Amino acid sequence: MDEPDTEPPLVVVPGADPSARQLCFAWGPAEVLVCETLFGRAGGSRCRRRSRSPSPSRPRAEGRAGAAARALTGSVAGTGEGAPSSSRVFVVRRDQDIYIQTLRKLFNESHGIFMGLQRSDEELAGKSRKAQLVQVSKNYRSVIRACMEDMHQAAVSTRDPALQGQYSTQVSILSAMELIWNLCEILFIEAAAAGPLLLRLLDWVRLHVCDVDSMVREVLSSESPSKHKLFWNVVDIFVLQGRMDEARHLLSKEASANPTSMTMYKILDDLMKKMPVPSLGNTQTLTELELKWQHWHEECQRYLQDGTFASNPHMESICKILLGDEDAILEKRELMTTWYHFLVTRLLYSHPTVKPMELRFYAQSSMDLFLGGESSPEPLDMILMAAFEFEIHQVIKECSIVLSNWWFVAHLTDLLDHCKLLQSHNLYFGSNMREFLLLEYASGLFSHHSLWQLGVDYFDHCPEYGRVYLELHIERIPLSTEQKALKVLRICEQRQMHEQVRSICKIMAMKALRNNRLGSALSWSIRAKDAAFATLISDRFLKDYCERGCFSDLDLIDNLGPSMLLSDRLTFLGKYREFHRLYGEQRFVEAARLLLTLMTAHIAPCSFWMTLLTDALPLLEQKEVIFSAEQTYELMRCLEDLTAGNPDKQKFQDDDVETTKVEMLRLALARNLARVIVKEGTVEGS
Amino acid sequence: AMEDVSAKFVSQKISRTRWRPLPAAALQPPDLFATGSWDNEDNRVSIWSAGDLGNAGLNGEYHGEPHLLCDIQHNGDVMDMQFLDQERIVVASSTGTVTVFRHHQNNQTLSANHRWEKAHYHVDQDTSCGGAACTGVVCNNPEIVTVGEDGRINLFRADQKDAVRTIDNADSSTLHAVTFLRTTEILTVNSIGQLKIWDLRHQRNEPSQIFSLAGDRVPLHCVDRHPNQQHIVATGGQDGMLSIWDIRQGTMPVSLLNAHEAEMWEVHFHPSDPDHLFTCSEDGSLWHWDTSTNVSEKPSFLHQGGRSTAYLSHSTINQSVVSAWLSNDPTKDRMEITNLIPNQTLSVNSLDVLGPCLVYGTDAEAIYVNRQLFA
């Protein structure tokens, strides 16, 4: 278990002034709300307001990991300037890089790689699994590189100096991210063994440290390259990076231009050519290499002591470098620019068979020697040092503090976790580090207007809290169009998030209802199987019918299909419409039977019985007798039930129109009964 | 054939991709397409060059990637988009507005040529009148038909300020898509699984025919009709199912084909080779449905990447095999189905096919161009 940091980093919220007013906080999933209260600071006075020095009373925003808080940015909501009495709310976001347009490419493309990794086959045997993981790592890096190039292009093409500065900063951040990732790939993911390890580190240095190619072009394109002022610099850089063939090629120019140094050149060239290097294959053992290297080393030593190169200080210094002379190498400090270049050069010429676990000693001493106490290490130096020390957790922690995004640590940690390098590590707040970082990253995505869809898949791969986070976040997605609602709904349905499905459908159904789109409203409640809401909408349909005397949205009601069974009211609506259709088609007997069933089977709500009985009137008045005696009795019982059982009897009787209606119905029923008795009697008698 | 696909991440979620139509006598493959974005704070309509056909450029470099020619800000999500002609493109917005943009090819700019504000709208209970998303647009120059969440159908003319015809409350549920059946008739699909034919010559505000899915009324999201055999119509539903309808007979689909695992957003017959059909879905897949029975019978242009005989109508060939779409069991032996995107995770919102070229756009903020569909 990790201890919480004792000293969480400070967060300065631009515009908030804790020395004047007390601030209050509310934590959200992706942002913090900071609010100025009405309470003044005890003992604080107005004149301290503009004080910029950190005072002991300044509040500290404590990130849950402690490491998180440096990545906060502030933005002010509400009024502020020139209104000292009004309180302001600050929205403090935890991941500012999410909002950089050019980085969206990084987020989207790496999402695909991330998903591929989650799907990848864990069962693959050792070697091929490792190759697979290294490939994933390389894919991530190539995305960073592509993004860096885009950003570089943007910086070059823009005329706005502020924007240019912003882009350049991003380029250097991306470049640092790639540098760290590459080193982690070599040390942790590929876990290169002694021998190949040095080759990988050389590649790493060549890829990232000082671009020598433009300098070479400049030298080679001059009239006499060996006279160029940068000639020896370029040769030295090649030697320092172990690029022997290129160094020898350049040296040959010097030899042809300067015949007096031919002998000397030939000897040096021979030494450089013969230098033993580790091989990637299994062609030689480490012992063989060490033996060869020893012989070669002694040979170099001999020539140096002979004074073979005494007349040419440049060649002499190269020979010293080949011998791993620290002072000679350090003299070229300017050409190496960084301590880790120095480290790798030093290893190349003194310890070519360095083992992974020995790296830490050389790394520490190289940094000390290189910086020479003149400058203190920067955060990037500390991160690389932690990597050389194989302190994976330290690397991740430092990166979390320094970088202004969660993208890097989340993806790197996930990959390292797939390499089974982080297993035993639990954090004090519950989930493991991989999950914690993924949750933070995905929360950032969800706070973004457009990138929220990417966040879903990350939450899916957080076994502990992913689901809860997704549930909390998905409810905050604004449902601006039906299309968007359908997409959100699909996400919820696929994950059996019934609560959210219901709530989305209800929101959409309410919206449709407000817009008088009863059909749409109904299809939303059918999708959520929300019977109560379907009833509500059916009542609206029926109310409309009662008011207007005709149905709206017939295309829908006529085609309810099985969804009619969702709610009793909907069933009634469908059946009642069917009655009207039958009546319209003059199928009176069927219509009458259906009408009666609606009441006797209690499909119709009581409040609607009067309407149904009134609908029976024209059927009772038909020339031909429609209702049988039995049906007529049932109709009468319905009418009596309605008038007797009505709780508003008083009101009912007071209502003249209603009374007349009841009287008319009674009369019509009695007449129908008389006619049907005659008719049935006649039929049976004959 | 995946190597022939070039991708570009564009930092905006793509809702629509459309090839610019080719001039009648053109022999070369399409080179320009338009995209629309959705769910951004700042949505855009963009015109892209598809890049070289895979030929080496002057400097010997490969210009595979599509590159942006010009773009313009668009108010609201782009819900649908259709080229009116070579230069003008009609865009449906989630705000209910329909805009005609003009692409000026001489200086590569886009400008708003004409706009019908709030062509689709809700009449709120409390007087106010809010825009309703315009979900579909179809053009048959100079006529433009739009449908929306408001259940309204509008008929515009590119050069007229006011709508030629409006059918208010044409549908009580949301209309998701529209296409022309014939010059005077349109097809619409809605959110309760209905396919309707409307005859715009009739003044009656009711459909001339209603078809619907049996059983659960699964919403239909997209519709296309066979380019040569106009009675054959394909629709895609919320459950990812592909339905083939014969509008000469019955009220139910002729065949239901299991396809995607989520909403089918678009379905398109290949315009010049309708034995081929393409569908894309929320589940992140894009399917190629091939009913051409025998590989050797394929028209020759398909193998040549669109040179020589491209885009001649092959109706004679189609006549013989077209029944494949209407046969009772098309899956058995005559149809070959290929998923063109095996590992995609986010939705493919749109696709368009023209000649040997396919373009599609995703919620993963990428556009893809495949220039050798049938290779």
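Kindly indicate whether A:Ala616 is touching a residue at least 24 places away in the same chain (Cβ under 8 Å) and either surrounded by 21 or more Cβ atoms within 10 Å (Cβ to Cβ) or touching a Ser or Thr at 6+ places or on another chain (Cβ under 9 Å) (or both). Here the answer is yes, as A:Ala616 does meet what is asked.
Is it fair to say B:Ala132 is small (Gly, Ala, Ser), over 22 Å from B:Val218 (Cβ atoms) and more than 14 Å from every other protein chain (Cβ to nearest Cβ)? Criteria not met by B:Ala132.
Where helices (runs of 4 or more DSSP H) sit wholly within the stretch A:582-649, those with at least 1 residues that are small (Gly, Ala, Ser) and within 60 Å of the chain's Cα centre (by Cα) occupy A:588-600. Among the strands (runs of 3 or more DSSP E) confined to the stretch B:193-281, the ones with at least 2 residues that are buried (at least 22 other Cβ atoms within 10 Å of the Cβ) are located at B:194-199, B:220-225, B:232-237, B:242-246, B:264-269, B:276-281. Within the stretch A:443-458, the set of residues being assigned to a helix (DSSP H, G or I) and more than 16 Å from B:Asp363 (Cβ to Cβ) comprises A:Ser443, A:Gly444. Per the conditions (1) farther than 17 Å from A:Met510 by Cα; (2) among the basic types (Lys, Arg); (3) assigned to a loop (DSSP other than H, G, I, E, B), the sole criterion not satisfied by A:Lys575 is (3).
Could you tell me whether the stretch A:420-440 includes any residue that is under 26 Å from A:Ser120 (Cα atoms) and within 14 Å of chain B (Cβ to nearest Cβ)?
Initially, the stretch A:420-440 is screened for residues under 26 Å from A:Ser120 (Cα atoms), giving A:420-426, A:431-440.
Among the residues that remain, those that are also within 14 Å of chain B (Cβ to nearest Cβ) are: none.
Checked against the condition, which is being under 26 Å from A:Ser120 (Cα atoms) and within 14 Å of chain B (Cβ to nearest Cβ), the stretch A:420-440 yields no hits at all.
Yes or no, residue by residue, for (1) modelled with pLDDT under 90; (2) more than 14 Å from chain B (Cβ to nearest Cβ); (3) in contact with an Asp or Glu (Cβ under 6 Å, 6 or more places away or on another chain):
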| residue | (1), (2), (3) |
| --- | --- |
| A:Ile98 | yes, no, no |
| A:Lys105 | no, no, no |
| A:Gly112 | no, no, no |
| A:Leu117 | no, no, no |
| A:Asp121 | yes, no, no |
| A:Leu124 | yes, yes, no |
| A:Ala131 | no, yes, no |
| A:Gln135 | no, yes, no |
| A:Lys138 | no, yes, no |
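In the stretch B:338-366, the residues that are within 11 Å of another protein chain (Cβ to nearest Cβ) form Cβ pairs under 7 Å with partners that are assigned to a loop (DSSP other than H, G, I, E, B) and among the charged types (D, E, K, R), at six or more places apart or across chains, as follows: B:Leu346/B:Asp363; B:Ser347/B:Glu282; B:Ser347/B:Asp363; B:Asn349/B:Asp363; B:Asp363/B:Lys13; B:Glu365/B:Lys13. The helices (runs of 4 or more DSSP H) located wholly in the stretch A:192-263 that include 1 or more residues which are of a type outside the set (S, T, N, Q) and under 30 Å from A:Met357 (Cα atoms) occupy A:196-208, A:231-240, A:244-257.
Within the stretch B:163-202, the set of residues being away from chain A (no Cβ under 14 Å) and of a type in the set (Phe, Trp, Tyr) comprises B:Phe180 only.
Any chance the stretch B:50-65 includes a residue that's modelled with pLDDT of 95 or more and not polar (S, T, N, Q)? Scanning the stretch B:50-65 turns up no residue that is modelled with pLDDT of 95 or more and not polar (S, T, N, Q). Of all residues in the stretch A:543-563, those that are more than 10 Å from chain B (Cβ to nearest Cβ) and surrounded by 21 or more Cβ atoms within 10 Å (Cβ to Cβ) total 0.
Across the stretch A:441-475, the number of residues qualifying as of a type in the set (Ser, Thr, Tyr) and either facing chain B (nearest Cβ under 10 Å) or surrounded by fewer than 19 Cβ atoms within 10 Å (Cβ to Cβ) (or both) comes to 2.
Of everything in the stretch A:564-579 that is within 14 Å of chain B (Cβ to nearest Cβ) and under 20 Å from B:Val218 (Cα atoms), the residue that is farthest from the chain's Cα centre (by Cα) is A:Gly574. Within the stretch A:506-542, being within 12 Å of chain B (Cβ to nearest Cβ), surrounded by fewer than 24 Cβ atoms within 10 Å (Cβ to Cβ) and not in a helix (DSSP H, G or I) holds for A:Asn515, A:Asn516, A:Lys529. Yes or no: B:Asn113 surrounded by fewer than 21 Cβ atoms within 10 Å (Cβ to Cβ), within 14 Å of chain A (Cβ to nearest Cβ) and polar (S, T, N, Q)? No.
Inclusion of A:Ser447 among residues that are modelled with pLDDT under 95 and touching a strand residue (DSSP E or B) at 6+ places or on another chain (Cβ under 7 Å) is warranted.
With respect to being over 23 Å from A:Leu513 (Cα atoms), assigned to a strand (DSSP E or B) and either under 19 Å from the mean Cα position of the chain (by Cα) or at pLDDT below 95 (or both), B:Cys70 falls outside the description.
Just to verify a result, which residue in the stretch A:476-488, among those that are closer than 16 Å to A:His448 by Cβ and surrounded by fewer than 17 Cβ atoms within 10 Å (Cβ to Cβ), is farthest from the other protein chains (Cβ to nearest Cβ)?
The first filter runs over the stretch A:476-488 and keeps only residues closer than 16 Å to A:His448 by Cβ, leaving A:476-478, A:480, A:484, A:487-488.
The next check asks that each one be surrounded by fewer than 17 Cβ atoms within 10 Å (Cβ to Cβ); those that pass are A:476, A:478, A:480.
Details: A:Arg476: 14, A:Pro478: 10, A:Ser480: 6 Å.
Looking at residues that are closer than 16 Å to A:His448 by Cβ and surrounded by fewer than 17 Cβ atoms within 10 Å (Cβ to Cβ), I get A:Arg476.
Number of residues in the stretch A:489-505 that are part of a helix (DSSP H, G or I), more than 11 Å from chain B (Cβ to nearest Cβ), touching a helix residue (DSSP H, G or I) at 6+ places or on another chain (Cβ under 7 Å) and not polar (S, T, N, Q): the value is 4.
Select from the stretch B:208-249 the residues that are free of Cβ contacts under 8 Å to residues at least 12 places away in the same chain and either over 26 Å from B:Asp290 (Cβ atoms) or among the hydroxyl-bearing types (Ser, Thr, Tyr) (or both) and list them in ascending order. Listed by number, the list holds a single entry, B:Gly215.
The values are calculated or read from the model by the stated rules, or taken from the named source; none is laboratory data. Quantities reported herein were computed from a predicted structural model and do not represent experimental measurements. Cβ atoms come from the backbone with ideal geometry, glycine included; neighbour counts cover every protein chain shown.
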